[in-house]
Amino acid sequence: MNGGLWHGAWRRLRANPAAVAALCIIAALVAMAFVGPWFSPNEVEALDWSHVASDPGMVHAHWLGTDRLGRDLYVRTLAGARVSLAVGLVASAVSLSLGLCYGAVAGYVGGRTDHVMMRIIEILSGLPLIFFVIFLTVLFGRSESLLFVSIGAVGWLTMARIVRGQALSLRRKEFIEAAVASGASSARIIFKHVVPNVLGPVIVYATLSVPQIILFESFLSFLGLGIQEPHASLGTLIAEGAGEIEAAPWILLVPGVFLTMLLLCLNIFGDGLRDAFDARERR
Amino acid sequence: MRPGGAGISPPPADAAAALCVTNLEVSYARPDGTVAAVRDVSLSVGPRECIGIVGESGSGKTQVFMAAMGLLAENARARGSVRFEGAEILGLAPHPLNRVRGSRLTMIFQDPMTSLTPHLKIGVQLAEVLVAHRGSSWREAKREALEALERVRVPEPQRRLRQYPHELSGGMRQRVMIAMSLLGRPSLLIADEPTSALDVTVQAQIIDLLRMLRVELGMAVALISHDLGVVAGLADRIVVMYAGRVVESARAGDLLRSARHPYSALLLQCVPNLRDARLERMPCLPGQPPDPAAPERGCAFAPRCPRASERCARERPALRDLDGAAQVACHHPLSP
Amino acid sequence: MSGALLEVRDLCVRFGAFAAVEDVSFDLAAGETVGLVGESGCGKSTLARAILRLIPASGGSVKWDGADLLELDAAALRRRRRHVQMVFQDPLASLDPRMTVGESLAEPLEIFEPALTKPERRSRTLHMLERVGLAAEMLHRYPHEFSGGQCQRIGIARAMMLRPKLLICDEPVSALDVSIQGQIVNLLRDLQGEFGTAMLFISHNLAVVRHLSHRVLVMYAGRLVEAAARDALFAAPVHPYTCALLAAVPDPARAPAGTAQDAFAESPPAGRVRSGCAYRGRCAYAAAACALEAPGLEQIGAQHAVACHRRRELVYS
C-alpha cells in the first residue's frame, strides 16, 4: 500500500516546515519519555524525605524539583508522559479500527443496514461519555487497560461517521463498479478497495483525535476516575500540581508544559497531514 | 524575448489582430524537474477570423490560451508575448486583466457542468454576470438573459431560465455557457474542446451555432480540439500543434485537401468517416505523444512518423514559410 | 434462437415513474460483436449495467448459459461473472487509484483462481499486459501515471484476464483522443479474433461502431428502434431516427450545411412520453397511429427488425 499517492503526500509533508518541526518535537518528546529516566538516578516512586517540595536545580539530583512527597518530578513526569502517550495510542487505535470497519460496512452496504447502523451511532452519541466511562469502570473495576479501551470505545463514533461518508461517495465510483463486475465479494470490496481509499482522511482524523483523547484521559484522571496513585499520567500530575500552585508552582508547570507541547505539536502535525493528503496529484 | 527562435519572423504585432501570440513558452515547475508544456508558439487570430488549433492531449494547445487568459496554474511560468487588440496581456495583474477577460475576451471549456453553479437557476447565473460586470438592474439583466438564450437557439428559453443545470442535457448546457460568454460582447471567443464531452450528433449543432454566431456578432473564434473533423466545420485557418510546438499552419481548405506535415495527414485519416471503405483496421496514430517532461531530441514526432529519417532524430525541423500563407516544420513534408 | 450466448427478453429498468429501459429484447451469439448506438440519455449504459446486474432490473430476463442472471442468488451470480466482463467509459476512474497496475490485473485471478501461486499470477498478468501492448515495467506503477489510452488498455487487460465469453464495452473510446480511439478499437478486434470473445459495444459514435460490429442495435428513449446487420443498417436504414442519426454524423468531405437539422432539437433528459411512440415528437413521418401505441420491434427482412408503425412504407421509400 505504499503507493504513488502516499509518496506524493510524504513529499508535500516534508515541504511543510511547521509540520516537520512538530514531528521532530513529538519524536523528541516520545524519545525522552522512554529514554530520559535512565539519565536520572531517581526512581519513579522513590520518596526522598530530605528534599520534599524542593525547587528545580542541579544541586541535588532532582533537576526539575520534587513534589510534596519527595518524588522526583523529572522521572515522574516522563512516566506520566508514557502513560498518556500509551492512552493516546491505544485508544486511538481502538477507535480507528472500530470506526473504520463499522463505517466502511455501513457506507458500502447502504440501504437498511446503513440506516440501522447509523441510528445506533446516533443513540450512542446521545449518551454522555462520562456516564459511560463511569459505568464501565464500575462494572469492570479500575484497570488501566480497561480505561484505554473504554476511551477508545467512546471515540469511535465520529470516526465511523467520517468513514461512512467517505464510503458512501466511493460506492458510486467506477472502480468499485468494476470490482463488482469482476466478481469480487462485498467483503473483498470493503477491505481491499474501500478501506485503502478512505485511509487518507482517516489517518488525519486519527492524528487529530489523539490530543483530544489524551485530554479526555487527563480530565478523567483529574476527576479521580482514571489513573490512580501511585501511577501517574500527565493528567494526574497536573491535578496534583494544581493544589500546590502557590507554594511550589513547578509541580504543575513541569507536566503542564510537557502536555501542552505534546498536544500543540500533535495538532500542528495533524493539520500538516491533512494538507498533504488534500492536494491533488495532477496539475 | 528570444528573437525568431523558431527560424521565422514572428507575425507582425498587428494592432488590428484580435490576438497575437509571439514566441510563447509555458513551463511548469514540478518537484522532479521542469516540464515544458508550450515550447515556442507564435500564432495570431484576425479580427473576424476563426482559427482551429488541433493536437492530441499534451500538445500544449490548451495551455497557449490559458496563458492568454491568465488562467495558468500557480507553478507555471510563461514567457513571450500575448497581445490582445494591441495591448500586452501576458503577465498582467488580475485587476486590469479582468477588464478584458470575461467581456472582450472569453473562454468556454469542455465540461459545462463544472462551470455552472449547480444550485442556482440558469436565469440567475446569466443575470448575475450582467449585474456584477455591467451594473445593470436585475430586471434588465433578466431580459438580456432571455435574449442571450434566444441568441444561442435554446428551445423554450423562458422555461430554461427557471431550470437548474442538472435538468439540462449536455448540449443545452454548452449552449448556456456560450450564451454566458457572449454577454460581454467579446471580440474573441476561445472554445476549448467544447464538443468533446458531447455526442457526435450534438457536436454538429454546436459547431453550426458557433458559425452562425460568428457571422451575426462579427467576432473571432479560436476553436481548440483533438479532432480535425470538428475544426473543419468552422475554421478559416488551422494550426496543428505537437509536443508544445506548431508543426503546421495553413488555410483550412488547403490543409484538409492536402496536408503537408505527416502528422496532420495522419490526423486527417483519423477523422470519423462513415464513407470509409476500409473496415478491417480503424485508422489511428501508433504510439503515444511524447512525455512533456522528457527533453527534446530532434523532431518530437519522429518516433511515430512513417517518413522519419536519421536526420529527423538528430535535428529538430524549424517552422518554415511555404507559399499560400502556410507554414510547416518538417524535413520531409508531403508534396501538395 | 436457442444457440445464442446471451438472450435478453423484455428487459425493463425503471427508476420510479421514469422508464430508462423498456422492453428490450435481443440475442447475442458466441464470437459476435453487436453494436448498440443511441444518444446520451437513451438508456444504453443503463441497459449494460442491468444485464450485468450492477443495477437492479424492474422486469424481463437475461438468459446466460441456461440460467436467468436476474434470478440467480448472489453467489451463483458471482460465479458466472468470470464469463461476462465490462470495459468502462472513463479509463482512469475504472482503476483503483491505490492499487498498482499489477495488483489490479491480478485481482480477477485472485477471485476466480485462488489456487494459483504468486509467480503463476505474475506471469499471467505480465503476459496479458504485453498482449495489450504495454511494457512490463508498468506492473509496479499507478494508474494516474498513465494516459487515457494506456489506462483503457489496462482496463481491457483486466477484463480479458479470465478469457470471458462476453465483453460489454460501455463507450470505451469516447473519452479518448480520436487519434488513439483506433488503437483501442483495433486492439479489441484483435483480442476478439484471438479469444473468440463476443462483444456488446456501446457507443454514440456510429463510425466507431461500424468498424467493429457484425450487427447493430439502435436505441431511442429506452427502446430498441432498429436492429440489423451492419452493412444493411448503414446502407439502407429504415427507422426515421436511424436515418437522422446517420445524417447527423459530420462529414469533413461535405461542405458545412446551413443550420443544424431540426430532427435533433434536443429534448431534456428527464421525462419520457407515456403513450405511443417516443420518437413521434421529432419524426417527420408521425401519423395518428403513432400517438396511440408504442410500436414493437418487427422483422422486415432476414436479420432486420424495425419498431415503427409505418415501416412498410419506409422500406419502399
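The values are calculated or read from the model by the stated rules, or taken from the named source; none is laboratory data. Model, not experiment: these values are computed from the prediction. Heads up, the Cβs are rebuilt from the backbone with ideal geometry, glycines too, and the neighbour counts pull from every protein chain shown.
Structure notes:
- Of all residues making up segment C:168-204, the number that are in contact (Cβ under 8 Å) with a residue 40 or more places away in the chain and assigned to a loop (DSSP other than H, G, I, E, B): 8
- Residues of segment B:58-81 that are in contact with a Phe, Trp or Tyr (Cβ under 9 Å, 6 or more places away or on another chain) and within 18 Å of B:SER187 (Cβ to Cβ): B:ALA68 alone.
- Candidates B:LEU149, B:LEU168, filtered to the one that is closer than 21 Å to B:LEU213 by Cα, in contact with a Lys or Arg (Cβ under 9 Å, 6 or more places away or on another chain) and within 14 Å of chain C (Cβ to nearest Cβ): B:LEU149
- Restricting segment A:156-199 to residues that are polar (S, T, N, Q) and at the interface with chain C (Cβ under 7 Å from one of its Cβ atoms), the residue that is surrounded by the most Cβ atoms within 10 Å (Cβ to Cβ) is A:SER182.
- Only one of A:VAL210, A:VAL202 that is surrounded by 18 or more Cβ atoms within 10 Å (Cβ to Cβ), touching a residue at least 40 places away in the same chain (Cβ under 8 Å), more than 30 Å from C:ALA75 (Cα to Cα) and within 14 Å of chain C (Cβ to nearest Cβ): A:VAL202
- Looking at B:ALA232, B:ALA222, B:ALA259, just one residue is closer than 18 Å to B:PRO333 by Cβ and touching a helix residue (DSSP H, G or I) at 6+ places or on another chain (Cβ under 8 Å), and that residue is B:ALA259.
- Cβ separations smaller than 7 Å between residues 6+ apart or across chains give the following pairs from segment C:59-84 residues that are free of Cβ contacts under 8 Å to residues at least 40 places away in the same chain to residues that are in a strand (DSSP E or B) and among the polar types (S, T, N, Q): C:ASP68/C:SER61; C:LEU70/C:SER61.
- Count of segment C:94-135 residues which are of a type in the set (D, E, K, R), within 18 Å of A:PRO196 (Cα to Cα) and either in contact with a Cys (Cβ under 8 Å, 6 or more places away or on another chain) or not in a helix (DSSP H, G or I) (or both): 2
- Filter result (surrounded by 22 or more Cβ atoms within 10 Å (Cβ to Cβ) and under 28 Å from B:GLU150 (Cα atoms)) within segment B:235-253: B:ALA235
- If you filter segment C:147-167 down to residues that are of a type in the set (Lys, Arg) and touching a residue at least 40 places away in the same chain (Cβ under 8 Å), you find that the one that is farthest from B:VAL54 (Cα to Cα) is C:LYS165.
- For segment B:59-89, the set of residues classified as outside any helix (DSSP H, G or I) and buried (at least 20 other Cβ atoms within 10 Å of the Cβ) consists of B:SER59, B:GLY60, B:ALA78, B:GLY80, B:VAL82, B:ARG83, B:PHE84, B:ILE89, listed by residue number.
- C:ILE184 satisfies every condition listed in (1) in contact with a strand residue (DSSP E or B) (Cβ under 8 Å, 6 or more places away or on another chain); (2) buried (at least 24 other Cβ atoms within 10 Å of the Cβ) except (1).
- Of the residues making up segment B:73-101, just one is in contact with a helix residue (DSSP H, G or I) (Cβ under 7 Å, 6 or more places away or on another chain) and closer than 30 Å to B:LEU168 by Cβ, namely B:ARG101.
- B:THR195 falls short on exactly one of the conditions (1) under 19 Å from B:THR117 (Cβ atoms); (2) buried (at least 22 other Cβ atoms within 10 Å of the Cβ); (3) within 12 Å of chain C (Cβ to nearest Cβ), and that condition is (1).
- Every pair of residues 6+ apart whose Cβ atoms lie under 9 Å, when the first sits in segment B:291-303 and is farther than 20 Å from B:HIS331 by Cβ while the second is part of a loop (DSSP other than H, G, I, E, B): B:ASP291/B:GLY58; B:PRO292/B:GLY58; B:PRO292/B:GLY60; B:PRO292/B:ALA243; B:PRO292/B:GLY244; B:ALA293/B:ASP32
- B:LEU120 being modelled with pLDDT of 90 or more and more than 25 Å from B:LEU210 (Cβ to Cβ): yes
- If the condition is being closer than 19 Å to B:GLU150 by Cβ, of a type in the set (Val, Ile, Thr) and either touching a residue at least 40 places away in the same chain (Cβ under 8 Å) or loosely packed, with under 15 Cβ neighbours inside 10 Å (or both), then segment B:107-127 contributes B:ILE108, B:ILE122.
- Residues of segment B:260-281 satisfying the condition of being in a loop (DSSP other than H, G, I, E, B), away from chain C (no Cβ under 12 Å) and out of contact with any Leu (no Cβ under 6 Å at 6 or more places or on another chain): B:HIS261
- Test result for C:GLU39, away from chain A (no Cβ under 14 Å) and either outside any strand (DSSP E or B) or among the polar types (S, T, N, Q) (or both): yes
- Of residues in segment C:288-306 being over 13 Å from C:PRO237 (Cβ atoms) and of a type in the set (A, V, I, L, M), the one modelled with the highest pLDDT: C:LEU297
- Verdict on C:SER179 being facing another protein chain (nearest Cβ under 9 Å), crowded, with 23+ Cβ neighbours inside 10 Å and either under 21 Å from the mean Cα position of the chain (by Cα) or modelled with pLDDT under 95 (or both): yes
- Test: C:LEU36 is modelled with pLDDT under 95, closer than 22 Å to C:HIS214 by Cα and surrounded by 19 or more Cβ atoms within 10 Å (Cβ to Cβ): no
- Matching residues, segment A:222-251, being over 22 Å from the mean Cα position of the chain (by Cα) and crowded, with 18+ Cβ neighbours inside 10 Å: A:GLU240, A:GLY241, A:ALA248, A:TRP250, A:ILE251
- The lone exception for C:MET219 - which of (1) outside any helix (DSSP H, G or I); (2) at pLDDT 95 or above; (3) within 14 Å of chain B (Cβ to nearest Cβ) it fails: (2)
- Out of B:CYS299, B:CYS330, one residue alone is under 23 Å from B:ASP227 (Cα atoms), modelled with pLDDT of 90 or more, crowded, with 22+ Cβ neighbours inside 10 Å and touching a His at 6+ places or on another chain (Cβ under 6 Å). It is B:CYS330.
- One residue stands out in segment A:50-106 among those that are touching a strand residue (DSSP E or B) at 6+ places or on another chain (Cβ under 7 Å) and assigned to a helix (DSSP H, G or I): the one that is surrounded by the fewest Cβ atoms within 10 Å (Cβ to Cβ), namely A:HIS51.
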